[in-house]
Each structure stands twice: as structure tokens, then as C-alpha cells.
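What follows is a single structure, written as C-alpha cells, with notes after it.
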Amino acid sequence: MAQRRIAREKSQFGSLYRGRQGQWSWLAHRVTGVAIILFLFAHVVDTALVGWGPSAYNRVVHVYQNPIVGLLELGLVAAVIYHALNGIRIMIIDFWPKASDWQRQLSYATLTVFVASMLPIAVVMISHILKEHF
């Protein structure tokens, strides 16, 4: 009787969901959205420093010349591009319900366009960072 009860409880929860393209794109969409909002908040705060005078603003803006901040800007560009491309994928699925049958292919297409667009952007931004700081 005890064995039967344990077996029933395990089957009640089903198998472990391993996650596929839809889950990972959902997670990446949320993470990039939060990253963009955090940048927006920081941007509003640093722009508001103009009210405290030019010297306060210039001190904060000087921090942005750090190469680590340059890499963070590259991450911001990547977040914006991925978020936009994945948003288009989501709209396609929302407006054409049959497109959900092509979820995997759309996810791979989104990732392919993202990588293809980020490669030249990364080369330009990283070369600029290296030229300016090293």
C-alpha cells in the first residue's frame, strides 16, 4: 500500500521539464528587459545631475570613459537588439497562431539574426574601447 502511494505521488507531478527554445527565449527576454530598464533608470539619474551643476554631471560622465563601462555598453546594445528581435518573434506568434508550430525555427532564426548583427557591432565597439584605453 505504501509503495503504491509513493508511485502515485511521483506520477502526479509528471516528468521534469527540461526547457526548450521557448523557455530560454522567455527567460532571455525577461532578463534583457530588466537590464534595459536598469540602464534607463541609471540614465535618468545621471541626466538629472545636471540640476546639481556642470561639475557634478561632468564627474559622473567621466566614469563612463572607463573600459569596463564600454563593455557594459556593448552588453546594453546586445540586450536591446535581442529584446527587439525576440519581441518581433513573439508578435509573429501572437498574430499568426499557426506560427507557434514553428517555435523552434523562429527561435533559431532570432538567435541567428542576433549573432549576425552583433558580430560587426562588437568588433566596432571593442576596437573603439581598445583604441581609446590601451
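The values are calculated or read from the model by the stated rules, or taken from the named source; none is laboratory data. Note that this is a predicted model, so its numbers are computed, not measured. Don't worry about glycine lacking a Cβ; one is built from the backbone with ideal geometry, like all the others, and counts go over all protein chains shown.
Here are some notes:
- Yes/no for LEU27 being over 10 Å from the mean Cα position of the chain (by Cα), hydrophobic (A, V, I, L, M, F, W, C) and part of a helix (DSSP H, G or I): no
- Residue match in the stretch 104-121 (condition: β-branched (Val, Ile, Thr), more than 30 Å from PHE134 (Cα to Cα) and surrounded by 14 or more Cβ atoms within 10 Å (Cβ to Cβ)): yes
- Test result for LEU49, closer than 23 Å to ILE129 by Cα, among the aliphatic types (A, V, I, L, M) and assigned to a helix (DSSP H, G or I): no
- Remark: pairs (first residue in the stretch 108-128, modelled with pLDDT of 95 or more; second residue of a type in the set (Gly, Ala, Ser) and assigned to a helix (DSSP H, G or I); Cβ separation under 6 Å; 6+ apart in sequence or on different chains) = MET118/ALA78.
- Residue that is surrounded by the fewest Cβ atoms within 10 Å (Cβ to Cβ) [pool: residues in the stretch 122-134 that are over 18 Å from ALA35 (Cβ atoms) and in contact with a Leu (Cβ under 8 Å, 6 or more places away or on another chain)]: ILE126
Rundown of residues vs (1) within 22 Å of GLY22 (Cα to Cα); (2) aliphatic (A, V, I, L, M), yes/no style:
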position: TYR64; (1), (2): no, no
position: GLY87; (1), (2): yes, no
position: ILE92; (1), (2): yes, yes
position: PHE95; (1), (2): yes, no
position: THR110; (1), (2): yes, no
position: VAL113; (1), (2): yes, yes
position: ALA122; (1), (2): no, yes
position: MET125; (1), (2): no, yes
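- Residues in the stretch 55-103 that are in contact with a Ser or Thr (Cβ under 7 Å, 6 or more places away or on another chain) and either loosely packed, with under 12 Cβ neighbours inside 10 Å or modelled with pLDDT of 95 or more (or both): 7 in all.
- Test: TYR82 is touching a residue at least 40 places away in the same chain (Cβ under 8 Å), of a type outside the set (Val, Ile, Thr) and in a helix (DSSP H, G or I): yes
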